[in-house]
Amino acid sequence: MPSDSVFDTISRLRIVPVVAIDSAEAALPLADALLAGGLPVVEITFRTAAAAEAIEKISSKRPEILVGAGTVLTTENLEAARDCGAKFGVAPGLNPEIVACANENGLPFVPGVATASDIECALSLGCTMLKFFPSEALGGVAMINALAAPYGHTGVRFMPTGGINAGNLESYLAVEAVAAVGGTWIAKQNDMAAGKWREISNRCRAAVDMVGSG
Ligand code: 3PG
């Protein structure tokens, strides 16, 4: 899938649930809870051993969901994400080797940035959708506004994550340079372990209703 179409979908949906999944058995119930909540997108992070299999299940059995791989720290993660059918990759930081590997594999990639120098490095590597991480700890909305000012004309857009939840997502989405927000608050690891799919669905629906996306 071309980057434009992946990033257009993310920008339209405006919220990307970030998930650390402990068991691949939870992948389809999770996917169904997100679909019921009106949010057909998910980032499954390579923080757990179940990530690759979970991505594969969602990609093959719930193709209506845009599934991406998060915490892509190595070229092995990147290649596993591609092989499992991930439609995009995300990393907490900016590693030129991983960006090059994503480009070679045609996988739309969102590297993490925290400073003006990171943004310039990302732009020089051809990345224009950037994860701003860890957002709240870095100064949140005020920091994004300040950072976006000199780079607005470059077409750069941000996907902040880190400390974002139902209480502050609207303030982020009011920032023009913010394409979407990400976070773990919708599908928490302990709720998934306990099979609390309705709670996950409800949090998803509440967030979607708040921003009028979906
Ligand atoms: C991420 O990788 O995007 C973050 O860990 C999400 O941060 P959060 O847990 O504060 O939502």
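No value in this document is a laboratory result; all are computed from the given coordinates. Being a predicted model, the structure only gives us computed values, none of them experimental. Cβ placement follows ideal geometry from the backbone for every residue including glycine, while neighbour counts extend to all protein chains displayed.
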* Helix-derived [θ] at 222 nm for the chain: sum -39500 (n - 2.57) over DSSP H runs of at least 4, divide by residue count, nearest 500? -> -12500 deg cm²/dmol
* When the scattering of segment 3-209 is computed by the Debye formula from its Cα atoms alone, each counted once and equally, what is log10 I(q)/I(0) at q = 0.18 Å⁻¹? -> -1.25
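Over the residues of segment 35-150, compute the C-alpha Rg and express it relative to 2.2 N^0.38 Å. Walk me through the numbers on the way to the answer.
On the way: Rg = 14.7 Å, N = 116, 2.2 N^0.38 = 13.4 Å.
This ratio for segment 35-150 stands at 1.10.
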* Asked: Which lysines have a Cα lying under 16 Å from the Cα of K196, excluding residues fewer than 8 positions away in the same chain?
  -> K188
* Calculated Rg and Dmax of segment 97-214 using C-alpha coordinates, Å -> 15.6, 46
* **Contact order normalised by residue count of segment 3-209, Cα under 8 Å, 6+ apart, percent** => 23 percent
* Asked: Mind checking which lysines have their C-alpha under 19 Å from K131, skipping anything on the same chain fewer than 8 residues away?
  -> K87
* Plugging the Kirkwood radius over Cα pairs into Stokes-Einstein for segment 1-94, at a temperature of 10 °C and a viscosity of 1.306 mPa s, what D comes out in µm²/s? -> 123 µm²/s
* **Value of D in µm² per second that Stokes-Einstein yields for segment 127-183, Kirkwood Rh from Cα pairs, at 10 °C (1.306 mPa s)** => 145 µm²/s
* To do: Please check which bits of segment 162-187 a label hung off A137 would reach, taking the label as a point 7 Å along Cα-to-C-beta and the cut-off as backbone N under 13 Å.
  => 162-164
